[in-house]
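The values are calculated or read from the model by the stated rules, or taken from the named source; none is laboratory data. All figures in this text were calculated on a predicted structure; none of them were measured in a lab. In this analysis, Cβ positions are derived from the backbone assuming ideal geometry, glycine residues included, and neighbour counts consider all displayed protein chains.
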Amino acid sequence: MTEPTVRATRLAREELRALPRNAFALGGAAAALALLAVAASSTGGPNALQQVLLFSWVLAPLLVAIVVAARVASVRRSRFAESLFTTPVTLRAWLAAEIMVGLALVAALLAASAPLVLVQTARIGFPAETWTLLAAGAALGVCCVALGLFCGVVVGEAGAGAAAGLAGGCVAVAFGGLVATTALASLPPDPLVTTTLALAHVSPLVLAVEASGTTLFGVLPATAWPAGVALVAMTLALFAAAWLAGTRAQSPLGWERRARGGGTVALVAALVVASLVLPVATASTSYHETERRNAAFFDPGETQDLALVPRGHAADDAVFTAYWYVRSDPLTFGADNALDLLVMTHAPANATVTGLRVTLDPSAAFVVALGEPTRDGTARPTRGFGFPGDPTGEAEPVFRIPLVLRPVVAASLHYDHELLRGNVSFAVDGKPSGSAFLVTAFASVPNSRAQMLAAGAPLPLACVGALATRARRTR
């Protein structure tokens, strides 16, 4: 009576259980997860977490191709295949198990950032771009598993180094395609640019980014669906090529003892060519720029200089420069922040400035309470040669308007910024004056960095704990 065949799911389960026993894998995972937590807690600016997820969800899956390729090839090089396939394990079951392990690694990469996403969701809401980044990472991850499986199979018994090198070269090409698209997508179209952009679509990274609508480089393709179709076709073609090469054109030990003739090899080659040609042939090389959130930073207007300062802060020269906003402390998200809006009119010190009025455009990011302007009699800032603080200039009239801002919408936990747009109107010696303006207000969520770091700490600590337990048990 023959022994029942071992199922692929059981093989995959056993291989996944064996992964934590590898000291190098545990150490690398601990370091990577710790770096992820530190990056998430320290990165500031708009969409800070999305910048971190860009690396952990969109770029990190490329490494799965190298890992899967090395795992598949190492079995043959070590001659472990000779023992493996004398057991009730079929070549098909083993290949299917390697696919499952690769997909599990992709899922683990995506899940590692879940605690960080939950912290941001709890404090300021679910990040708007998370779904597109997750879709891009998942699609790219599946394609990388197919790429890694193909590289691991096609090198035969050449070993893990050869497979990892081949997969690494493919990863470099994929990243190079993204770099080329970043550099050329916003340029005016010409034959060289169009051809290069089309060739860049051999990169599964470019296909995943475009198909998911991720605005990685500030532009989006005019048509996104060809990239999605090409990515699916590339993934299926690589899976099919790996499967045919492994099960029909090779023996368990590799190419040197392949069981069948060259017809299968020709089919494998045709699938590989199709996976490269189809994305290039269907590539959309027409792009449009996406609207940049709060791209402008500081524009006080033509007839005045502005400063946003804490309540009662002195109206000195420094506050009327754009650099003041870089140095200023951020507002507290969800709380009332008492400020003064200082308006230095471009009028002579002895001129009569009357009827000064400030109006602010409504903004979803702030709840605004605006007081009445009063002239600051103690202020002596100067303006000469067109910029504040010039000692050759004359003192100009400064008005102080009390202001209360409550940031109610944020795109980032740490040091996000929003724009206050408005208009200043006044009269100088009876002549109307004034212009539109915008100033930047920064905001941050209290204790957000510590919470993000605390959310990211358990996973690397668990890896370190498992590594210590393994070391203690193997003394």
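Filtering segment 178-208 down to residues that are among the hydrophobic types (A, V, I, L, M, F, W, C) and not in a helix (DSSP H, G or I), which residue is farthest from W57 (Cα to Cα)? Break it down stepwise before answering.
The first filter runs over segment 178-208 and keeps only residues among the hydrophobic types (A, V, I, L, M, F, W, C), leaving 178-180, 183-185, 187, 192-193, 197-200, 202, 205-208.
Applying the additional criterion that residues be not in a helix (DSSP H, G or I) yields 185, 187.
On the way: A185: 23, L187: 28 Å.
In this case the residue turns out to be L187.
Among (1) loosely packed, with under 15 Cβ neighbours inside 10 Å; (2) under 30 Å from F24 (Cα atoms); (3) of a type outside the set (D, E), which single condition is N423 missing?
Status for N423: all satisfied but (2).
Looking at segment 440-475, which of its residues are surrounded by fewer than 20 Cβ atoms within 10 Å (Cβ to Cβ) and either of a type in the set (K, R) or under 30 Å from F298 (Cα atoms) (or both)?
Correct list: T440, F442, P446, N447, R449, R470, R472, R473, R475.
Yes or no, residue by residue, for (1) at positive phi; (2) more than 17 Å from the chain's Cα centre (by Cα); (3) of a type in the set (A, V, I, L, M):
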site: L166; (1), (2), (3): no, yes, yes
site: A183; (1), (2), (3): no, yes, yes
site: S186; (1), (2), (3): no, yes, no
site: T194; (1), (2), (3): no, yes, no
site: V202; (1), (2), (3): no, yes, yes
site: V209; (1), (2), (3): no, no, yes
site: T215; (1), (2), (3): no, no, no
site: P221; (1), (2), (3): no, yes, no
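In segment 148-164, what count of residues is obtained for those that are surrounded by fewer than 23 Cβ atoms within 10 Å (Cβ to Cβ) and either part of a helix (DSSP H, G or I) or on the phi < 0 side of the Ramachandran plot (or both)?
5
Residue under question is A128, and the condition is that it be at pLDDT below 80 and either within 15 Å of the chain's Cα centre (by Cα) or under 25 Å from A211 (Cβ atoms) (or both); does it hold? Reasoning before the result, please.
Values: at pLDDT below 80: yes; either within 15 Å of the chain's Cα centre (by Cα) or under 25 Å from A211 (Cβ atoms) (or both): yes.
Yes, satisfied.
Take the conditions touching a residue at least 60 places away in the same chain (Cβ under 8 Å), in contact with a helix residue (DSSP H, G or I) (Cβ under 8 Å, 6 or more places away or on another chain) and surrounded by 22 or more Cβ atoms within 10 Å (Cβ to Cβ) and apply them to V145. Does it pass?
yes
Given the options A32, A81, A97, A12, name the one that is surrounded by 15 or more Cβ atoms within 10 Å (Cβ to Cβ), at pLDDT below 70, touching a helix residue (DSSP H, G or I) at 6+ places or on another chain (Cβ under 9 Å) and outside any loop (DSSP other than H, G, I, E, B). Please lay out each step first, then the result.
Numbers: A32 fails: at pLDDT below 70; A97 fails: at pLDDT below 70; A12 fails: at pLDDT below 70.
When all the criteria are applied, what remains is A81.
From R472, R421, R449, R406, grab the single residue that is assigned to a helix (DSSP H, G or I), within 29 Å of D336 (Cα to Cα) and not hydrophobic (A, V, I, L, M, F, W, C). Talk me through it step by step, then tell me what you get.
Numbers: R472 fails: within 29 Å of D336 (Cα to Cα); R421 fails: assigned to a helix (DSSP H, G or I); R406 fails: assigned to a helix (DSSP H, G or I).
Result: R449 is the single residue among R472, R421, R449, R406 that is assigned to a helix (DSSP H, G or I), within 29 Å of D336 (Cα to Cα) and not hydrophobic (A, V, I, L, M, F, W, C).
Mind checking which residues of segment 159-192 are touching a Lys or Arg at 6+ places or on another chain (Cβ under 9 Å) and within 16 Å of C143 (Cα to Cα)?
Going through segment 159-192, the residues touching a Lys or Arg at 6+ places or on another chain (Cβ under 9 Å) turn out to be 159-163.
Listed by number, the list is empty, since nothing qualifies.
For (1) in contact with a His (Cβ under 7 Å, 6 or more places away or on another chain); (2) free of Cβ contacts under 8 Å to residues at least 12 places away in the same chain; (3) among the hydroxyl-bearing types (S, T, Y), each residue gets a yes or a no:
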residue: H414; (1), (2), (3): no, no, no
residue: K431; (1), (2), (3): no, yes, no
residue: S444; (1), (2), (3): yes, no, yes
residue: A450; (1), (2), (3): no, no, no
residue: A454; (1), (2), (3): no, yes, no
residue: R473; (1), (2), (3): no, yes, no
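Restrict the check to segment 209-224 and report whether at least one residue is modelled with pLDDT of 90 or more, within 25 Å of V52 (Cα to Cα), of a type outside the set (F, W, Y) and part of a loop (DSSP other than H, G, I, E, B).
no
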